[in-house]
Amino acid sequence: MIGIIETNRLYLRQLTQKDLSNLSLVLSDKESMRFYPHAFTLEEVAGWIEKNIKRYENDGFGLWAVIRKEDNLFLGDCGITLQNIDGEILPEIGFHIIKSFCNKGYATEAAEACKEYAIRKLGFKAIYSYSELENKPSQRVASKIGMSKIKTYKSNGAGKVVYEYKIKAQSPVRHLTVRKIMAGRMQKKCADNME
């Protein structure tokens, strides 16, 4: 299957129901899912995959399978979804990496690639990450990919923290300077052609 995103060590591709047993290694693991209400049953993992297949069709993006290039090993999922974050529907980067592959930089590498994809390919001006206040590993990944903590809030009695990466707007002065340089080059080119 063709990858959507490629990095030095990974490629991300669409999930299929053939990924059920591999994805259940993370989504059905109690420790990995400690910040969720519960670890998923196989049926819930199948539903998770189906939800993302619908996202690909409706939104053009979703959570993708994270595959290690050197051996085509399934590591988990990572991608972009539209989430209700404190009452706003925002593009969010999420990921779930099988615990035996955690702390090897895979989540950061995949999340960084998804951030770039969201900005460059999908045209988002900002991208977010949110998690439970206690979910320090997710917050470390958000920080590593250049996101900044913007707020905390409560949802269903649980504290949440929100990180954001926002494109810096070009300053009008810089934009004007670029225009002046280009105009100067065009005038010089025209003068050179007239000689």
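Details
- Filter result (of a type outside the set (Val, Ile, Thr), part of a helix (DSSP H, G or I) and closer than 15 Å to TRP64 by Cα) within region 94-108: TYR106, ALA107
- Screening ILE93 on (1) within 20 Å of ILE167 (Cβ to Cβ); (2) surrounded by fewer than 22 Cβ atoms within 10 Å (Cβ to Cβ) shows it passes everything except condition (2).
A quick yes/no check of all residues on (1) in a strand (DSSP E or B); (2) in contact (Cβ under 8 Å) with a residue 60 or more places away in the chain; (3) farther than 18 Å from SER32 by Cβ:
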| site | (1), (2), (3) |
| --- | --- |
| ALA110 | no, yes, no |
| TYR117 | no, yes, yes |
| SER129 | yes, no, no |
| GLU134 | no, yes, no |
| PRO137 | no, no, no |
| ILE150 | yes, no, yes |
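- Every residue from region 109-130 that is surrounded by fewer than 20 Cβ atoms within 10 Å (Cβ to Cβ) and among the small types (Gly, Ala, Ser): GLY123, ALA126
- For region 5-37, residues that are in a loop (DSSP other than H, G, I, E, B), among the hydrophobic types (A, V, I, L, M, F, W, C) and at pLDDT 95 or above total 1.
- Matching residues, region 21-59, being without any contact (Cβ under 8 Å) to a residue 12 or more places away in the chain and of a type in the set (D, E, K, R): LYS30, ARG34, GLU43, LYS51, LYS54, GLU57
- Residue in region 43-55 that is assigned to a loop (DSSP other than H, G, I, E, B), under 30 Å from GLY159 (Cβ atoms) and touching a Phe, Trp or Tyr at 6+ places or on another chain (Cβ under 7 Å) present: no
The values are calculated or read from the model by the stated rules, or taken from the named source; none is laboratory data. For clarity, every value in this text was computed on a predicted model and none was experimentally measured. Reconstructed Cβ throughout: ideal geometry from the backbone, glycine too, with neighbour counts over all protein chains shown.
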